[in-house]
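Any read-out appearing in this document is the output of simple, stated calculations on the displayed coordinates, not a laboratory observation. This one's a predicted model, so the numbers in the text were calculated from it and none came from an experiment. We place every Cβ from the backbone using ideal geometry, glycine too, and count neighbours over all the protein chains shown.
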Amino acid sequence: KPSSAASDVYKRQPMSSPPLIVIDTNVVLDLFIFSDTQARPLRTALEAGQFSWMATESMRTELERVLAYTHLLPRMAFYRLQAQDVLDAFDRHCRIVPVAPSVPVVCKDRDDQKFIDLAVQHRSLLLSKDRAVLKLRRRLEKLGVHTAPALAMLPGYAAPAAVSYTHLTLPTKA
């Protein structure tokens, strides 16, 4: 029988609405620069409109700032990308929403708090590779937020061939 906490993530919205998702900047880099294998299912799902990705203007500003880091420039050049290409992809797939109010779960990394606040406000999925965020996983689950570093690690994720992102198949106990 599916865990009710995990299934709540996918039952919050009407059947016609894709699940809400908040994506940390490092995962955005994996999506649009590094073509990380763990990010590919998410990119496919975003391109198909199977998730509703939310971000705030400050999240976009953070991405713009990070794209100017000198250690990223050679990698972007390797993939023949400019910062604007990544920002255009962000804008194409993401919906800008108002800043969320602060929540009682506080992250040690203050730069990541905005992702947590937004995910909790909307009881959405939260993809982050940040250890400080991932350490809060259990506390966030109590607030209706499931957190993982990649889509494949979220509760209810099925193999790409069998997945229906709007009605994910949840694991059952044997």
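Residues of the range 22-40 with the amide nitrogen closer than 15 Å to a label point 7 Å from the Cα of Asp109, along Cα-to-Cβ, please.
23-31
Mind checking which aspartates and glutamates have their C-alpha under 15 Å from Lys142, skipping anything on the same chain fewer than 8 residues away?
Straight-distance partners of Lys142: Asp8, Asp117.
Points 7 angstrom from Cα along the Cβ direction at Tyr79 and Arg131: gap in nanometres?
Going from the Tyr79 label point to the Arg131 one covers 2.5 nm.
For the range 38-111, what does the alpha-carbon gyration tensor say about shape, rounded, prolate or oblate, given a ≥ b ≥ c as the root eigenvalues, a/c under 1.5 as rounded, and a/b over b/c as prolate?
Details: a/c = 1.93, a/b = 1.26, b/c = 1.53.
In terms of gyration-tensor shape, oblate.
With the cut-off at 1.5 for a/c, could you classify the range 74-118 from its C-alpha gyration tensor as rounded, prolate or oblate?
Values: a/c = 5.21, a/b = 1.95, b/c = 2.68.
It is oblate, given that a/c is not under 1.5 and a/b is not larger than b/c.
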